[in-house]
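These notes are about the structure you will find just below.
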Amino acid sequence: MSRIVAGPFNRVEGDLEITLETGEDKVQRAEVNSPLYRGFERILLGHKPMDALVYTPRICGICSVTQSVASARALADAMGLSMPKNGELCTNLVLASENITDLITHFYLFFMPDFARDTYAGASWFGDIQGRFKATAGSAATQMLPARADFLHLMG
């Protein structure tokens, strides 16, 4: 059995490390570890419960709405409150907007620009990818950035 350790990957909030154990041409075991302690587990200690609505959205700069909703739902559960149906629908629409924004952000700003680096200059697809996705200069940004801004405006 062989062991492959990849990471840290730092395009996520905090570093991630992936460990794969392979054998018989298959992954036998996979682990994802977050070796960077960020302290969010302790940040609310000593604070009023409602302070969670201010602090938890800062856990991630990409998915702050998701963190905020999780915090609000936890507080509501602790207080025995339930959200009206229209509130659930509005929350789900805002979460869906954030999901779309996250997909746009990750694909156009984080993932594809990596393939526009000179490391891949010898690949047959490099010219097209570089023209479309080079960081700050690719043609895809002219459509992506306004679309991303529109979704961010939907969220408030």
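Is there a residue being surrounded by 16 or more Cβ atoms within 10 Å (Cβ to Cβ), within 23 Å of Q67 (Cα to Cα), of a type in the set (K, R) and not assigned by TED's automatic domain parsing to the domain that holds G61 anywhere in region 124-138?
The answer is no; no qualifying residue exists.
Which one is surrounded by the fewest Cβ atoms within 10 Å (Cβ to Cβ), of the residues in region 57-81 that are aliphatic (A, V, I, L, M) and within 17 Å of M155 (Cα to Cα)?
A70
Every residue in region 109-123 that is assigned to a helix (DSSP H, G or I) and surrounded by 11 or more Cβ atoms within 10 Å (Cβ to Cβ), please.
L109, F110, F111, M112, P113, D114, F115, Y120
Name every residue in region 137-156 that is part of a helix (DSSP H, G or I) and hydrophobic (A, V, I, L, M, F, W, C), in order of residue number.
Those that are part of a helix (DSSP H, G or I) and hydrophobic (A, V, I, L, M, F, W, C): A141, M144, L145, A147, A149, F151, L152, L154, M155.
All but one of (1) loosely packed, with under 15 Cβ neighbours inside 10 Å; (2) part of a loop (DSSP other than H, G, I, E, B); (3) not aromatic (F, W, Y) hold for L89; which doesn't?
Evaluating L89 over (1) loosely packed, with under 15 Cβ neighbours inside 10 Å; (2) part of a loop (DSSP other than H, G, I, E, B); (3) not aromatic (F, W, Y) leaves (2) as the failure.
The values are calculated or read from the model by the stated rules, or taken from the named source; none is laboratory data. Quick caveat: nothing in here was measured; it's all calculated off a predicted structure. Note that we place each Cβ from the backbone using ideal geometry, even for glycine, and neighbour counts take in every protein chain shown.
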